[in-house]
1. What are the residues in the range 36-65 that are closer than 14 Å to residue 90 by Cα and polar (S, T, N, Q), if any?
2. Could you go through the range 9-26 and let me know if any residue there is at pLDDT 90 or above, surrounded by 19 or more Cβ atoms within 10 Å (Cβ to Cβ), of a type in the set (A, V, I, L, M, F, W, C) and closer than 26 Å to residue 100 by Cα.
3. Identify all residues within the range 55-107 that are without any contact (Cβ under 8 Å) to a residue 12 or more places away in the chain and outside any helix (DSSP H, G or I); write none if there are none.
4. Only one of these conditions is not met by residue 106: (1) modelled with pLDDT of 90 or more; (2) surrounded by 13 or more Cβ atoms within 10 Å (Cβ to Cβ). Which number is it?
5. Can you pull out every residue in the range 56-75 that is surrounded by 14 or more Cβ atoms within 10 Å (Cβ to Cβ) and not β-branched (Val, Ile, Thr)?
Amino acid sequence: MFNLNQEMTCYYGDNCGKCKACLKRTLALIAAGWNPDPDLKLNPMKDDQKFLEKDILPRLSAFDKKRQLETLLAIRNSWNDVSMEVRTVYTKLYKKKELDDYAFSLKTVDIKIENEE
């Protein structure tokens with residue numbers, strides 16, 4: 001059975017919060033309406049490594065439309081955490097109606113999370 005709390009995609013294997021894998025997982029969780037993994041050592045949305053600013057956002061137009069919208073939605077939902085540089089790029093890319101429509105269209109998936117005892 002799938003257990004969200006046991007899944008890890010960290011490149012370093014310790015939920016560092018600073019590698020690109022931790023950032024991508026956090027983007028996906030936030031875009032889907034979940035909270036970031038509470039076991040992360042650092043908040044990837046603060047973008048200390050500049051992955052959002054220097055890598056992901058400059059290449060956003062090359063991504064498929066769904067991934068573009070998910071990335072922008074995650075940034076919008078983490079507004080207080082992202083850097084001013086990321087906010088600046090976001091405001092140039094943001095199309096309110098399109099993003100709002102996409103956010104509204106997302107379906108909630110009920111995943112049972114088992115507590116380990």
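The values are calculated or read from the model by the stated rules, or taken from the named source; none is laboratory data. Treat the numbers as computed from the prediction; the structure is a model and nothing was measured. All Cβ positions, even for glycine, are placed from backbone atoms using ideal geometry, and neighbour counts span all protein chains on display.
1. Passing the criteria: only 61.
2. Yes, because at least one residue in the range 9-26 is at pLDDT 90 or above, surrounded by 19 or more Cβ atoms within 10 Å (Cβ to Cβ), of a type in the set (A, V, I, L, M, F, W, C) and closer than 26 Å to residue 100 by Cα.
3. Answer for the range 55-107, where residues must be without any contact (Cβ under 8 Å) to a residue 12 or more places away in the chain and outside any helix (DSSP H, G or I): 63, 64, 79, 80, 95, 107.
4. Checking residue 106 against (1) modelled with pLDDT of 90 or more; (2) surrounded by 13 or more Cβ atoms within 10 Å (Cβ to Cβ), the one that fails is (1).
5. Once the filter is applied, which keeps residues that are surrounded by 14 or more Cβ atoms within 10 Å (Cβ to Cβ) and not β-branched (Val, Ile, Thr), the range 56-75 yields 57, 60, 67, 68, 69, 70, 72, 73, 74.
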